[in-house]
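Q: Before we start, here is the structure in question, set down as structure tokens.
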Amino acid sequence: MPAIDISNLTKHFGDVVALDGLDLTVEEGEIFGFLGPNGAGKSTAIDIMLDFTRPTSGNVAVLGHDVQREGLAVRKRIGVLPDAYHVYDRLTGRQHLEFAAEVKETDEDPAAILERVGIADAADRKAGGYSKGMKQRLVLGIALLGDPDLLVLDEPSTGLDPNGAKEIRDIIREENERGTTVFFSSHVMEQVEAVCDRVAIINRGDLVAVDTVDGLRSATERGETLHLQVADTSPSVVEAVGEVAGVETVAVEDGRLRVTLGDRSKFDVMEAVDEIVAVEDFSVSTTSLGDLFIHYTNEEQEVRA
Amino acid sequence: MKALSVAKKDFRDAAQSRALWALVGVFVVLLLITTYGYSEFPELFGPLDEATFEGLIFFTSSITSLFIPVAAIIVCFKSLAGERELGSIKILLSLPLTRTDALGGKLLGRAGVLSAAVLVGLVIALGFGAALVGSVAVVPLLLFVALSVGFAAVYVNIMVSLSALSATTSRAITYALGFFVAFELAWDVVPLAVVYVANGFSLPEQIPEWTFLVSQFSPSTAYFTSVIALLPDAATDVGVTVGGGGPGEVDPTAADPFYVTPEAGFVFLAFWLVVPVVLGYRRFVSVDL
């Protein structure tokens, strides 16, 4: 039984199509990244999973329960860090967790959770005075309470500094090792790349790719990108470079040529480019998921070779 | 039973509203001043030369009938609309509870907060009044306090339901104030205006009796009428009548026994207790948050 089974999900808000026949399956036990630019429909899909919003058509089943007809059964088994939430300003962190523990009918100690998400010091302060990062930790703590079978995290690293983001990744891994399926949405590629088993990329309400990070990489590019500082980046140069053997894509980025490579040696390519236009400096990078993301959602900006 | 957990949390949250306790402070001060005025100069407020505890109750009820609606607006207008606007409802409804639990919890929690505020205000004011008048009528006191708490619950139901219909707090305050203006400030005028227009833009010599019944439909008038129904003997002594306003405004024309049955107040209060919640519930459980 899949942890999440989304089939042919469509949602219209008036004339706006937020989701356009989305199909997606998340297996139990995996860490699944849900990637897309702002407005792609990520939050709408999650809102439907949580029954905050009702779909125009299509179905979502979470842990075998239909989210509309059996929403309570779904929410009994999941932990959620929603997007664009707000804490109860006049209640303390501890009071938030006491309330959540009561509703989730768990005996888990709120203090232990506060310790785990790193805000034990602030437990008895009103949450309205917390920083964005502390609020994020608090709500993550609420999500972790009661040992859920599935964690749904909508943009979990929002408001966190790099250390905080790493702590969240560590918590995600720990939970996953205990058997929890993790589904999280993000537009922060590094987060997704670092922890996910599989990634789905959605754009304009529909799925454009779903695979492992490595799978996505090999399906599109060989994985290396040359950044060449050249004397001239005019369109004729770009076009000529695009015709060099082994070059898959060329784009101008920050005044430099950004060249993705096929199965040719990067020295061969660089020498060939040097004959077209003088190469003043260069660097090499491995294709990040960010590049893939741009590739999938913004293709028109690339000059295809 | 999850609604009780929500109610407890909501009570903790809303009971910390500074605006509410500032209003309770104003209410208490106002009651203390007017109670003093009534006990010193009872002849200004009614036919009796001597201040009585029952008279004080009727006198107080004319102030609570204004205080409770205003306090209910302050305590309740944001209850659900504010959570939707800010997004705290996403934390609430991600937990294993239903929207029915959330709405029920809000109703109970806010009713608890407003009841506490009303109790605090009445205990201080009537305690002070009892000391000035020099007597306490225990049964009328208990009936009046119970009815006032009930009226607070009625107004909480109205205001939480209007909040449940609203996606934003600005919409919610518009509904709340619109309700207050329509049913509390303008309501007495509406039936008269209808009669006036229907009669060719002049008032008939005999105002039709149904207008008295219609005017009692307003929640605060229904509350005042219910106080009379609970304490009929005291009402006669003090000189208040249904449809006749507060003490001292005795209206001899309001005499028809069918239309001025004080028990109609209970029927109207029951209407306001139930109908808004049904409408708010139906909308809230189906809306996209």
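Q: Going by amide H atoms built from the backbone, whose H comes under 5 Å of the H on A:V208, apart from near neighbours?
A: HN-HN under 5 Å from A:V208: A:I201, A:I202, A:N203.
Q: How much FRET efficiency would the formula 1/(1 + (r/R0)^6) give for B:A193 and A:A73, where r is the Cβ-Cβ distance and R0 is 35 Å, rounded to 0.05?
A: 0.05
Q: When DSSP beta bridges are limited to those with both residues in the protein assembly as shown, what percentage is antiparallel, rounded to the nearest 5?
A: Percent antiparallel among DSSP bridges in the protein assembly as shown is about 70.
Q: Next up: Counting other C-beta atoms within 10 Å, which of A:C196, B:C76 has the fewest, and how do the rest follow?
A: Working: A:C196 23, B:C76 29.
Fewest-to-most Cβ neighbours within 10 Å comes out as A:C196, B:C76.
Q: Between helix B:53-76 and chain B, what is the angle of the helix's C-alpha long axis to the longest principal axis, kept within 0 to 90° and rounded to the nearest 10?
A: Helix B:53-76 sits at roughly 20 degrees to that axis.
Q: Related question: Run the numbers for A:A120 and A:E190: contour at 0.36 nm per residue of separation, minus the present Cα-Cα distance, in nm. Each step should come with its number before you reach the end.
A: Details: separation 70, 0.36 × 70 = 25.20 nm, distance 2.78 nm.
Residue separation times 0.36 nm, minus the Cα-Cα distance, leaves 22.4 nm.
Q: Here's a follow-up. State, as an integer percentage, the relative contact order of region A:222-286 based on alpha-carbon contacts under 8 Å between residues 6 or more apart.
A: Computed value for region A:222-286: 49 percent relative contact order.
Q: Follow-up question, since we're still on this one. Counting only other chains, what is the mean number of Cβ atoms within 10 angstrom of the Cβ of each residue in peptide A:71-81?
A: Whole-number average of other-chain Cβ neighbours for A:71-81 is 3.
Q: Karplus couplings for region A:20-26 from phi (6.51 cos²θ - 1.76 cosθ + 1.60, θ = phi - 60°), rounded to Hz, Gly and Pro as x?
A: 10, x, 6, 10, 7, 10, 10
Q: What is the spin-label model distance, in nm, from A:E108 to A:A84 if the labels are put 7 Å beyond Cα along the C-beta direction?
A: Here the modelled spin labels are 2.7 nm apart.
Q: Counting only DSSP beta bridges with both residues in chain A, what percent are antiparallel, rounded to the nearest 5?
A: The answer is about 70 percent antiparallel.
Q: Next question. Which order do A:I202, B:I173, B:I73 fall in if you start with the one that has the fewest other Cβ atoms within 10 Å?
A: If I rank by nearby Cβ atoms, fewest first, I get B:I173, B:I73, A:I202.
Q: Could you put B:M159, A:M134, A:M189, A:M1 in order, starting from the residue whose Cβ has the fewest other Cβ atoms within 10 Å?
A: A:M1, A:M189, A:M134, B:M159
Q: May I pose another question? Just want to confirm a number: the relative contact order over chain A, from Cα pairs under 8 angstrom separated by 6+ residues, in percent.
A: 19
Q: Can you compute the FRET efficiency between B:V136 and A:M1 using 1/(1 + (r/R0)^6), with r the Cβ-Cβ distance and R0 = 60 Å? Round to the nearest 0.05.
A: 0.30
Q: Mind listing the long-range amide H neighbours of A:L81? Cut-off is under 5 Å, sequence gap 5 or more, other chains count too, H placed in the peptide plane at 1.01 Å from N.
A: Under 5 Å from the amide H of A:L81: A:V152, A:L153, A:D154.
Q: Shifting gears a bit: Report, by chain and number, residues whose modeled amide H sits under 5 Å from the one on A:G246, excluding near sequence neighbours (fewer than 5 apart, same chain).
A: none
Q: Let me ask something additional. Taking θ = phi - 60°, what integer Hz values does the Karplus form 6.51 cos²θ - 1.76 cosθ + 1.60 yield along region A:193-205, in sequence order, with x for Gly and Pro?
A: 3J(HN,Hα) across region A:193-205, in whole Hz: 4, 6, 10, 7, 6, 9, 9, 10, 10, 10, 8, 6, x.
Q: Still on this structure, please answer the following. Quick one: Karplus J couplings for region B:281-289, per residue in order, coefficients 6.51, -1.76, 1.60, θ = phi - 60°, nearest Hz, x for Gly and Pro?
A: 4, 4, 6, 5, 6, 10, 7, 6, 7
Q: Could you tell me which of the pairs A:K76/B:K90; A:K11/B:K8; A:K166/A:K266; A:K132/A:K166; A:K42/B:K2; B:K2/B:K90 are separated by over 24 angstrom between their Cα atoms in the structure shown?
A: Over 24 Å Cα-Cα: A:K11/B:K8; A:K166/A:K266; A:K42/B:K2.
Q: Moving to a separate point now. What GluC sites (Glu not before Pro) does region A:103-164 have in DSSP loop regions with at most 14 other beta carbons within 10 Å?
A: Within region A:103-164, the qualifying GluC sites (Glu not before Pro) (loop, at most 14 other Cβ atoms within 10 Å) are A:E105.
Each value in this text was obtained by applying a stated rule to the coordinates, not by laboratory testing. Note that the structure is predicted; figures quoted are calculated from it, not measured. Here the Cβ is made from the backbone with ideal geometry for all residues, glycine too, and neighbour counts use every protein chain on show.
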